[in-house]
Structure formats: structure tokens, C-alpha cells
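**Student:** Below is one structure. I have some questions about it.
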Amino acid sequence: MYTDHQILRIPGPTPIPPSIQRAMTQPMIGHRSQDMKDLLHGVKDKLKPIFGTNEDVLIYTASGTAALETAVVNAVQPGDEVIVIVSGAFGDRFTKICEEYHIKVHKYDVNWGEAADPEQLTQYLKSIPTVKAVFATYCETSTGVLNPIKQLAKVVHQESEALFIVDGVSCIGGTETKMDKWGLDIVVTGSQKAMMLPAGLAFVAASKRAWKVIEKNSHPRFYLDMRRYRDKLQEDASPFTPAVSLLLGLKQALQLIEEEGLSTVFQRHHLMAKMTRDAFHALDIPLLTTDMDASPTVTAVKPNDFSSEDLRRELRSKFGLTIAGGQQHLKGNIFRIGHMGYCSPADVLQIISLVEVGLQSIDKTIELGTGVKAAQTAYLDI
Ligand SMILES: *Cc1c(COP(=O)(O)O)cnc(C)c1O
């Protein structure tokens, strides 16, 4: 096998479609040129349906974590009390960012692998109704859970005046998001997951309610100040030099999404998750989350009679297939398969087939083809 033949199936960064790769190699353009204005004008409206909003989606040159920090520094200030729903490593990251800024965090801890419960959040909010914001992770990448964001939003607005702030980094573009309709106040994502781009762009959208808070917030911020990005975007410009090549790629990514159709993109992700999960069910290998709580973009597998690390090593050395391990206390205990962005049912059949070979090689006895057949059946059943 040639060393450049790599199959990347981690929950970000994800593979880049060839047409996006080509778009990013176009010659550089000036960041204050008419070409750049046209580029931003073209992408800004096409981002909105992906978030399910009529508000502007701001574009930052930064990784996803900067988008989380942007939400924090713009929406709250030191001394404010907030609730952070922690259902895994990324909920934990929101907590750390808030604490770094001396924001008083009340953690709603959810068992890793389970989804946040709107009922429990209701009780939480009743005990601390004065919180300024509630932070949640839409797809908790570390566990493969898709939190019930719509229902959580409802509870937040019923029980409080808090803003509801959502980290959608590993699922926006791969799962339905109706920011305006569901009452999400700030939604953020990054470029290297379901958006099919390299890391380097972060996207942030805010509701009208959130903008009122952001406008008045005196908390110091400069590069991350959402007001600058909003004002410039209204003129089809950016406050600082943007990642021009990534924006050229973004234009093509949005083109691909438009051609496939957003709802078809979402259905494809749903199908890929079902194929993956059915395969492991058929192989009798436990998954970390229930089918009901599962994310369409990433699946976490929790084997009980073989080593995740052995399997990962085997797949990587034999086939150049990279899958992810666990984070924090799940390290070594789970493996995660990313099926988002530039990934199709055909890729899932390949992954499952390779996993089966890998399992045999590490002496986990299975009947070859069991998982593949289940995935094929899931595909044919739609
Ligand atoms: C990947 C990820 C992030 C962090 O993004 P970086 O680009 O690594 O900074 C944040 N939240 C979630 C849910 C993620 O999956």
C-alpha cells in the first residue's frame, strides 16, 4: 500500500472533497478586493439555512474552541452565574472557558454516554433561575451523543431569561438545526467536521435576544468581538485578514451541500449512523450510547472483550484507516468512528468491512460479514 493512501474516519478533521481541495489552491486574492466582497456575499446567505436562521452567520479565522470562547466573552461577564451542561469532554471545555473568565459555573453533569435530560434541567433551573446563560453541546463528540437541543431550549426559555448557547461543532452541517425556530440564542461551529474543510474557520450566529445582550456587554474583547464581525459582514467584509483559501473552499463546500440538498445531506448522515450502529449490534459489540441518543455524525463503540487500542493500531498499520480513541476517562475504553461531511454509505461499508478484518487479526472471533450484512441491510431498508 502506498504510504499516501490514508482513510481518515475520526470525528474531525474529516476528509476534504477533491473539488474543495482544488478550490483552495486558487491564486490568492486581496482581502479588501471586490473579489473578496463577492466571495463573502456569496457564502453568507448560504450559511444561514445550515444553522436554520435568518441572522447573519459570522465567520472567524480560528478553530472551533475560539468560537466557544467567542460565545462566552460576548454573552456573559465575570461574576455572572451560568449553567453548563456537561455530557462529555466538550461540555467540560465550556466549563473551563467560563471559569477562566471568572464566570460562576453551575455544572449539570450528565453521565458520559447519556444525553442531557430536559426534566432534570428544569429542576436545575428552578433552583437557580437567575442564571444568565445555559451552555450545551449539541453533538458531544467524545461520546457520540446528540443532546436533545430543541427540548432543552424549550425548558431554558420556560424556566428562565437565560440565553441558550449551543456548541454545534461536530454536527452543524450534518444534522438538522433550527436555530430560530427552536430558540437557540448562540450557535457555533467549526470548519473541520461536518463542513468538509480543513480546520481554521469558526462560525457564530446569534439570535436577536442574544444581540441585545452582546451589544450591552462591557466585558473586554477585541479579536473575538462579535460586533466587529457583524458590522463588517453587513458590508460583505471581514474585520481582519480572513483565511482566504479556506473561504474559497467554503464557497465550494456550500455549493456541494446545495447540490445534494440540505435535507438529503441530513438523511445521509442519519443513514450512515444507522448502518454503523446496526453493524456493531449484529456483531454483538456494545455501543456507548443508546440508538435514541446517538449522533448522526459519530459513533462510539465500547468493547468488553478486546482492546480498542489494539484494534485501532491494527487498522492503522494494515489499512491506513484511522479511527479515534476515547478522551479523558474514556481513553483506552472506547473507539469512535467519524461518519460526517465527505463520507457516504459506501465509505461506511468499507469501514465496517475493515473493522471486521481487524477484529479477526486481533483474535476477536467474529463471523466475517456479519456487520457488513447488517449495514447493507440498513442501507437497503430505506
Ligand atoms: C472539535 C470540537 C470542538 C473544538 O474544536 P477545535 O477546532 O479543536 O478547537 C469543540 N466542540 C466540539 C463539540 C467539537 O467536536
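No value in this document is a laboratory result; all are computed from the given coordinates. None of these values were measured; they are calculated from a predicted model. Backbone-built Cβ (ideal geometry, glycine too); neighbour counts: all protein chains shown.
**Student:** Which loop GluC sites (Glu not before Pro) in region 273-382, with loop taken from DSSP, have no more than 16 other Cβ atoms within 10 angstrom of their Cβ? Can you show the working numbers first?
**Tutor:** Numbers: sites: Glu309, Glu314, Glu356, Glu367; in loops: Glu367.
In loop regions of region 273-382 (DSSP not H, G, I, E or B), the sparsely surrounded GluC sites (Glu not before Pro) are Glu367.
**Student:** While we're on this one: Any of Lys150/Lys318; Lys232/Lys274; Lys154/Lys193; Lys251/Lys318; Lys150/Lys212 with alpha carbons more than 32 Å apart? Name them for me.
**Tutor:** Details: Lys150/Lys318 42 Å; Lys232/Lys274 42 Å; Lys154/Lys193 27 Å; Lys251/Lys318 36 Å; Lys150/Lys212 22 Å.
Cα-Cα > 32 Å for Lys150/Lys318; Lys232/Lys274; Lys251/Lys318; rest within.
**Student:** Take the alpha carbon atoms of region 115-173, find their center, do the same for region 49-104, and report the distance between the two centers in whole angstrom.
**Tutor:** Region 115-173 and region 49-104 have Cα centres separated by 12 Å.
**Student:** To test your reading of the geometry: what angle, between 0 and 90 degrees and rounded to tens, separates the Cα axis of helix 345-361 from the longest principal axis of the chain?
**Tutor:** Roughly 50 degrees between the two axes.
**Student:** I've got another one for you. Be a star and scan region 339-374 for residues whose amide nitrogen sits under 12 Å from the point 7 Å along the Cα-to-Cβ vector of Glu259.
**Tutor:** No residue qualifies, since no backbone N sits under 12 Å from the label point.
**Student:** Can I ask one more? If you take every DSSP beta bridge whose two residues both sit in the chain, what share of them, in percent to the nearest 5, is antiparallel? Mind dumping the intermediate values first?
**Tutor:** On the way: 19 of 40 bridges.
That works out to approximately 50 percent antiparallel.
**Student:** Calculate the spin-label point distance for Gln158 paired with Asp4, positioning each point 7 Å from the Cα along the beta-carbon direction, and give it in nanometres.
**Tutor:** Between Asp4 and Gln158, the simple spin-label model gives 5.7 nm.
**Student:** Taking the Cα centre of region 18-259 as origin, work out the dipole magnitude from +1 charges on Lys and Arg Cβ and -1 charges on Asp and Glu Cβ, in debye rounded to 20. Numbers along the way, then the final one.
**Tutor:** Values: 27 positive and 29 negative charges, 93 e Å.
Its charge dipole is roughly 440 debye.
**Student:** Largest first and in whole Å, give the semi-axes of region 18-259's equivalent ellipsoid, each being the square root of 5 times a Cα gyration tensor eigenvalue. Before the final figure, lay out each step's value.
**Tutor:** Values: eigenvalues 187, 73, 44 Å².
They are 31, 19, 15 Å, listed from largest to smallest.
**Student:** Okay, moving on. If the rule is a partner Cβ under 4.7 Å, which cysteines in the chain fail it?
**Tutor:** Unpaired cysteines in the chain: Cys98, Cys343.
**Student:** Local charge sum around Val348 (other residues, Cβ-Cβ under 12 Å, Lys/Arg +1, Asp/Glu -1)?
**Tutor:** Values: positive: Arg9, Arg268, Lys274, Arg277; negative: Asp278, Asp347.
Neighbour charge sum, excluding Val348 itself: +2.
**Student:** So for Ser63, Ser207, fewest C-beta neighbours within 10 Å to most, what's the order? Numbers along the way, then the final one.
**Tutor:** Values: Ser63 16, Ser207 20.
Ordered by Cβ neighbours within 10 Å, fewest first: Ser63, Ser207.
**Student:** Of the beta bridges DSSP finds with both residues in region 132-235, what % are antiparallel, to the nearest 5? Walk me through the intermediate numbers first.
**Tutor:** Values: 7 of 16 bridges.
Bridges in region 132-235 are about 45 percent antiparallel.
**Student:** At a threshold of 8 angstrom on Cα-Cα distance, excluding pairs fewer than six apart, so keeping six or more, what relative contact order does region 18-259 reach in percent?
**Tutor:** Details: 481 pairs, mean separation 70.8, N = 242.
For region 18-259, the relative contact order is 29 percent.
**Student:** So for each of 372-381, 167-176 I average, over its residues, the number of other beta carbons within 10 Å; can you give me the resulting order with the highest mean first?
**Tutor:** Going from most to least packed, we get 167-176, 372-381.
**Student:** Looking at the square roots a ≥ b ≥ c of the eigenvalues of the Cα gyration tensor of region 15-55, which shape do they give, rounded for a/c under 1.5, prolate if a/b is larger than b/c, or oblate?
**Tutor:** Numbers: a/c = 3.85, a/b = 1.21, b/c = 3.18.
Judged from the Cα gyration tensor, region 15-55 comes out oblate (a/c at least 1.5, b/c at or above a/b).
**Student:** Lys and Arg at +1, Asp and Glu at -1: add these up for the other residues within a Cβ distance under 10 Å of Gly183 and post the number. Working shown, then result.
**Tutor:** Details: positive: Lys150, Lys154, Lys178, Lys181, Arg209; negative: Asp180, Asp185.
Around Gly183, the surrounding residues sum to +3.
**Student:** Positive end of the dipole of the chain, charges at C-beta (+1 Lys, Arg; -1 Asp, Glu), about the Cα centre: which of Tyr101, Trp182, Gly42 has its Cα farthest in that direction?
**Tutor:** The residue sitting farthest along the positive end of the dipole is Gly42.
**Student:** Just from its helices, what would the mean residue ellipticity at 222 nm be for the chain, if runs of 4 or more DSSP H residues each count -39500 (n - 2.57) and the sum is divided by every residue, rounded to the nearest 500 deg cm²/dmol?
**Tutor:** Details: 14 runs with 171 residues, N = 382.
Calculated from helices alone, the mean residue ellipticity at 222 nm is -14000 deg cm²/dmol.
**Student:** Moving on to the next point. If Lys and Arg each add +1 and Asp and Glu each add -1, what is the summed charge of the other residues whose beta carbon sits under 13 Å from the beta carbon of Gln34? Please report the intermediate quantities before stating the final value.
**Tutor:** Values: positive: Arg32, Lys37; negative: Asp35, Asp38, Glu235, Asp236.
Here the charged neighbours net out to -2.
**Student:** Taking the 0 to 90 degree range and rounding to the nearest ten, how far is the long axis of helix 64-75 tilted relative to the main principal axis of the chain, both from C-alpha atoms?
**Tutor:** Approximately 30 degrees, to the nearest 10.
**Student:** When only DSSP loop residues count, what chymotrypsin sites (Phe, Trp or Tyr not before Pro) in region 275-337 have their Cβ near at most 16 other Cβ atoms within 10 Å?
**Tutor:** Working: sites: Phe280, Phe306, Phe319, Phe335; in loops: Phe306.
Passing both the DSSP loop test and the Cβ count: Phe306.
**Student:** Who wins for biggest fluctuation among Met196, Met272, Met292 in a Gaussian network model of the chain, springs between alpha carbons below 10 Å?
**Tutor:** Met292
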